[in-house]
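*Asks:* There's a structure below that I have some questions on.
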Amino acid sequence: MAVHEALAELTQRATTSGRTAFLGLVGPPGVGKSYAAARVVETLQQAGLSAAVLPMDGFHLSNHQLDRLGLRARKGAPETFDVAGFVALLERLAAGPSEAVYCPDYDRGLHEPIAGRLRIEASTQVIVTEGNYLLLDGAWSAVRPLLDSSWYLEAPATLREARLIARHVRGRSSAEAHAWVRTVDEPNARLVATTRDRAHLIIDSRGLDDQLARFSPESSPS
């Protein structure tokens with residue numbers, strides 16, 4: 001199934017059922033999940049649908065807690081997130097809240113989660129959540145049943161590495177940025193890759209914009 005068809009099928013499910021539909025965007029660090037989520041939401045909104053982004057990164061443990069747990073050097077690994085909090089929020093949104101829900105976001109400038117920075121209206125038809133570990137086992141396994149659809153994004157390792165280094169040099173030396181990619185990001189990427197076959201759709205993130213351009217709410221396969 002093509003991206004525009006999968007998205008149309010998801011939105012038709014939401015509009016006919018009257019309940020919020022959840023799309024999970026998964027992939028390794030640096031693949032472009034945040035950009036993809038923003039573009040999917042923009043595409044839906046341009047088509048007259050209500051949509052919002054809920055990033056998994058809002059559930060990073062704070063640096064204070066990471067220091068307390070001795071996990072600061074592994075920030076971004078599965079155990080450095082509040083998984084239970086993330087699942088609880090998804091469940092609350094899936095239950096159909098009667099009023100807007102305030103949700104955490106992650107600030108890449110502060111390198112900290114920010115409570116209540118995002119607001120998701122009760123009338124939202126599609127919520128796009130994005131993160132590395134949405135299809136992982138263990139504590140993360142409670143996420144998968146809450147997703148109506150999941151898309152795995154991939155891109156060449158060289159492109160991902162260049163993006164990650166550019167991200168990490170903000171506040172780190174070039175040597176430190178390269179070391180972080182090698183010792184933290186890439187091991188995480190290999191773990192995320194083990195969940196690839198659990199996704200409903202596998203997408204080259206470099207072609208997502210072109211595929212979204214073909215979307216209309218009526219474009220699902222007959």
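*Asks:* Condition first: touching a Phe, Trp or Tyr at 6+ places or on another chain (Cβ under 6 Å) and open to solvent by less than 20 Å² (accessible area, probe 1.4 Å). Now tell me which residues in segment 97-139 satisfy that. Outline the logic, then answer.
*Replies:* Applying the first criterion (touching a Phe, Trp or Tyr at 6+ places or on another chain (Cβ under 6 Å)) to segment 97-139 yields 113, 116, 119, 127, 133.
Once the filter is applied, which keeps residues that are touching a Phe, Trp or Tyr at 6+ places or on another chain (Cβ under 6 Å) and open to solvent by less than 20 Å² (accessible area, probe 1.4 Å), segment 97-139 yields Ile127, Tyr133.
*Asks:* While we're here: Does Asp197 satisfy the condition of being farther than 23 Å from Tyr133 by Cα and open to solvent by 70 Å² or more (accessible area, probe 1.4 Å)? Lay out the reasoning, then the answer.
*Replies:* On the way: farther than 23 Å from Tyr133 by Cα: no; open to solvent by 70 Å² or more (accessible area, probe 1.4 Å): yes.
When the stated conditions are applied, Asp197 does not pass them.
*Asks:* Additional query: Considering each residue of segment 90-132, count those that are of a type in the set (A, V, I, L, M, F, W, C), out of contact with any Cys (no Cβ under 6 Å at 6 or more places or on another chain) and under 21 Å from Asn63 (Cβ atoms), and give that number.
*Replies:* 4
*Asks:* A follow-up question, please. With the requirement that a residue be under 16 Å from the mean Cα position of the chain (by Cα) and in a helix (DSSP H, G or I), what does segment 192-206 give you?
*Replies:* Within segment 192-206, Val192, Ala193, Arg196, Arg198, Ser205 meet the criteria.
*Asks:* Can you tell me which of Thr20, Thr15 is in contact (Cβ under 8 Å) with a residue 24 or more places away in the chain, farther than 28 Å from Arg206 by Cβ and surrounded by 22 or more Cβ atoms within 10 Å (Cβ to Cβ)?
*Replies:* None of the other options fit; the residue is Thr20.
*Asks:* Sticking with this structure for a sec: Residue check, Leu118 against (1) among the aliphatic types (A, V, I, L, M); (2) under 15 Å from the mean Cα position of the chain (by Cα); (3) farther than 24 Å from Leu66 by Cα, all met but one. Which one?
*Replies:* Evaluating Leu118 over (1) among the aliphatic types (A, V, I, L, M); (2) under 15 Å from the mean Cα position of the chain (by Cα); (3) farther than 24 Å from Leu66 by Cα leaves (3) as the failure.
*Asks:* Separate question: Take the conditions β-branched (Val, Ile, Thr), in contact with a helix residue (DSSP H, G or I) (Cβ under 7 Å, 6 or more places away or on another chain) and closer than 19 Å to Ala84 by Cβ and apply them to Val128. Does it pass?
*Replies:* Details: β-branched (Val, Ile, Thr): yes; in contact with a helix residue (DSSP H, G or I) (Cβ under 7 Å, 6 or more places away or on another chain): yes; closer than 19 Å to Ala84 by Cβ: no.
Spelling it out, it is not the case that Val128 is β-branched (Val, Ile, Thr), in contact with a helix residue (DSSP H, G or I) (Cβ under 7 Å, 6 or more places away or on another chain) and closer than 19 Å to Ala84 by Cβ.
*Asks:* Ok, one more. Find all pairs meeting these conditions: Cβ atoms under 6 angstrom apart; at least six residues apart or on different chains; first residue within segment 153-174 and without any contact (Cβ under 8 Å) to a residue 12 or more places away in the chain; second residue not basic (Lys, Arg).
*Replies:* Sorted first by the residue in segment 153-174, then by its partner, the pairs are Val169/Ala177.
*Asks:* Give me the pairs, please: first residue somewhere in segment 92-112 and under 14 Å from Ala52 (Cβ atoms), second residue anywhere and among the acidic types (Asp, Glu) and not in a strand (DSSP E or B), beta-carbon distance under 7 Å, and either six or more positions apart or on two chains.
*Replies:* Partner pairs satisfying both residue conditions: Ala100/Glu121.
*Asks:* Does segment 140-185 hold any residues that are under 30 Å from Gly96 (Cα atoms), open to solvent by less than 70 Å² (accessible area, probe 1.4 Å) and part of a helix (DSSP H, G or I), and which are they?
*Replies:* Step one: list which residues in segment 140-185 are under 30 Å from Gly96 (Cα atoms), which gives 140-153.
With the extra rule that they be open to solvent by less than 70 Å² (accessible area, probe 1.4 Å), the set shrinks to 140-143, 146-153.
If the condition is that a residue be under 30 Å from Gly96 (Cα atoms), open to solvent by less than 70 Å² (accessible area, probe 1.4 Å) and part of a helix (DSSP H, G or I), then Trp140, Ser141, Ala142, Leu146 are the ones that fit.
*Asks:* Hey, Lys75 hits all of (1) within 18 Å of the chain's Cα centre (by Cα); (2) of a type in the set (Lys, Arg); (3) open to solvent by 60 Å² or more (accessible area, probe 1.4 Å) but one; which does it fall short on?
*Replies:* Going through the list (1) within 18 Å of the chain's Cα centre (by Cα); (2) of a type in the set (Lys, Arg); (3) open to solvent by 60 Å² or more (accessible area, probe 1.4 Å), Lys75 breaks only (3).
*Asks:* Of all residues being within 23 Å of Ser98 (Cα to Cα) and within 9 Å of the chain's Cα centre (by Cα) in segment 25-55, which is surrounded by the fewest Cβ atoms within 10 Å (Cβ to Cβ)? Just the residue, please.
*Replies:* Per the criteria, the residue is Val53.
*Asks:* Hey, another quick one. Can you tell me which residue within segment 185-222, out of those that are among the hydroxyl-bearing types (Ser, Thr, Tyr) and in contact with a strand residue (DSSP E or B) (Cβ under 7 Å, 6 or more places away or on another chain), is modelled with the lowest pLDDT?
*Replies:* Ranking the candidates gives Ser205 first.
The values are calculated or read from the model by the stated rules, or taken from the named source; none is laboratory data. This one's a predicted model, so the numbers in the text were calculated from it and none came from an experiment. Don't worry about glycine lacking a Cβ; one is built from the backbone with ideal geometry, like all the others, and counts go over all protein chains shown. Please note that ligands, DNA and RNA were not included when accessible areas were found on the heavy atoms of the full protein model with its side chains. Shrake-Rupley method; radii C 1.70, N 1.55, O 1.52, S 1.80 Å.
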